[in-house]
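S.K.: Take this structure first; my questions come after.
What follows draws every value from the coordinates through simple rules; no lab data is involved. These numbers were taken from a predicted model, which means no experiment stands behind them. Glycine gets a Cβ as well: all are built from the backbone with ideal geometry, and neighbour counts include every protein chain shown.
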Amino acid sequence: MTATPIPRSLSLAQYGDLDVSILDEKPAGRKPVKTALISTSRFDEVLEHLKSALAEGRQAYWVCPLVDESETSDLAAAEDRFRKLRSAFGEGNVGLVHGQMPVPDKDEAMARFASGETQVLVATTVIEVGVDVPNASIMVIERAESFGLSQLHQLRGRVGRGSDASTCLLMFQQPLSEGARRRLEIMRETEDGFRIAEEDLAMRGAADVLGTAQSGLPRFRVADVETPAGLMATAQKDARRLIDQDPGLSSARGNAARHLLWLLSQDQAIQMISVG
């Protein structure tokens, strides 16, 4: 059970190494977050809509992928965006928080935003978890195509925590790669963390369960772990029964399993089984 849609955790659940608990309802009073895709070419239009929302007393996050401008990247930087938004909305209305700031400065910026003293908080992904400001109902993620699905889902989760209708704007820059377009469309289509994790798993792969690789497709010689869910459940039960009845894999069936693992170049699984 996790608030973050992590493909590797989903894969471990499929293998039977983790149990699954599904919470598919929002807390009482919360409304769905409306997610929209908008090009960075409409930046000025976004500012005007945000200005109207702030005039109604609403609060907003503005997330950037970088802290400072980079000579090797054209991604939006929080420091630069902070200066521009402060110029547009007033010096006292915009705060800034990122990972390179001293902890007291970050805490002060967060406290000012939580109390409503500032209406806009420009940030990097440091606000991804542990931030709860119910009055904040707008999330702007600039250059959203540069973020992964788990990050986008977590960032979007910072809004929609109060009773007001909330909006998440995913600002992207053309041209989009096929992978980036698919990620953004998934975010627009659903708030379901399981669906997002499944899509992320299909796109990036869960890597090696019996290894160290953290992404990519498993090196299976037979089968596809993402598709035959019913067959995987049967295999899990059968494997658990074998380990319970023959933990040393010394029976005829246990030896057959050893040989099969060896033939599939996964004989290191025996060592992992022996340590639980």
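S.K.: Cut-off under 30 Å on the C-alpha distance; same-chain residues fewer than 8 positions from LYS51 excluded. Which lysines are left, in chain and number order?
M.R.: LYS26, LYS31, LYS34, LYS84, LYS106
S.K.: If we count every other residue with Cβ under 12 angstrom of ALA88's Cβ, Lys/Arg +1 and Asp/Glu -1, where does the sum land? Display every interim value, and only then the final one.
M.R.: Details: positive: LYS51, ARG81, ARG83, LYS84, ARG86; negative: ASP44, GLU48, GLU91.
After counting each charged neighbour, the total is +2.
S.K.: Let me ask another. Using Cα pairs under 8 angstrom and six or more residues apart, how large is the relative contact order of segment 25-191, in percent? Don't skip to the answer; put the middle values down first.
M.R.: Values: 307 pairs, mean separation 54.2, N = 167.
Worked out over segment 25-191, it gives 32 percent.
S.K.: Kindly identify segment 25-191 as rounded, prolate or oblate by the Cα gyration tensor criterion: order the square roots of the eigenvalues as a ≥ b ≥ c, call it rounded if a/c is under 1.5, otherwise compare a/b with b/c, prolate if a/b is larger, else oblate. Please report the intermediate quantities before stating the final value.
M.R.: Working: a/c = 1.40, a/b = 1.07, b/c = 1.31.
In terms of gyration-tensor shape, rounded.
S.K.: Which whole-angstrom value gives the distance between the alpha carbon centres of segment 174-192 and segment 102-123?
M.R.: 30
S.K.: Net charge within 12 Å of LYS31 by Cβ-Cβ distance, Lys/Arg positive one each and Asp/Glu negative one each, not counting LYS31 itself? If you can, show how the numbers build up before the last one.
M.R.: Working: positive: LYS26, ARG30, LYS34, ARG161; negative: ASP164, GLU191.
In short, +2.
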